[in-house]
Amino acid sequence: MNDELATMARIAKQARERQEANPRSRAIAIRTKCLDCSAWQTAEVRQCVVVACPLWPWRSGGKVSEKELEIHFKKVHDTPLV
Ligand code: SF4
């Protein structure tokens, strides 16, 4: 348990340092928000199932093409919520 907390604290510190070093980076800001949302657990960000979240396509910090976005948002909007 202490190892897990130490890992979470380390990831939070790294994310904060990365954001301080790159305050204008949208990708780093989104990545930091997703880590915060997922209790600083990178696996949780990867496995996030909240596909309707506006940040979802960018949660891993990579580039997302216009085509990928179009496909993603079409799927999200065509899927009934209930
Ligand atoms: S994409 Fe997932 S992890 Fe990132 S902010 Fe949205 S719900 Fe949270």
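Please treat every number below as a calculation from the coordinates, not as lab data. Source: prediction; values computed, not measured. In this analysis, Cβ positions are derived from the backbone assuming ideal geometry, glycine residues included, and neighbour counts consider all displayed protein chains.
Brief remarks on what is shown
- Every pair of residues 6+ apart whose Cβ atoms lie under 6 Å, when the first sits in region 9-31 and is of a type in the set (Lys, Arg) while the second is outside any helix (DSSP H, G or I): 31/61
- Restricting 42, 7, 32 to residues that are surrounded by 11 or more Cβ atoms within 10 Å (Cβ to Cβ) and farther than 29 Å from residue 79 by Cα narrows the list to 7.
- The set of residues in region 15-51 being within 23 Å of residue 65 (Cβ to Cβ), of a type outside the set (Val, Ile, Thr) and within 10 Å of the ligand (Cβ to nearest atom) consists of 31, 33, 34, 46, 47, 48.
- Some residue of region 57-66 being among the acidic types (Asp, Glu) and away from the ligand (no atom under 14 Å from the Cβ): yes
- Taking first residues from region 47-58 that are farther than 13 Å from residue 79 by Cβ and partners that are part of a loop (DSSP other than H, G, I, E, B) and within 8 Å of the ligand (Cβ to nearest atom), the Cβ contacts under 6 Å between residues at least 6 apart in sequence or on separate chains come to 48/59.
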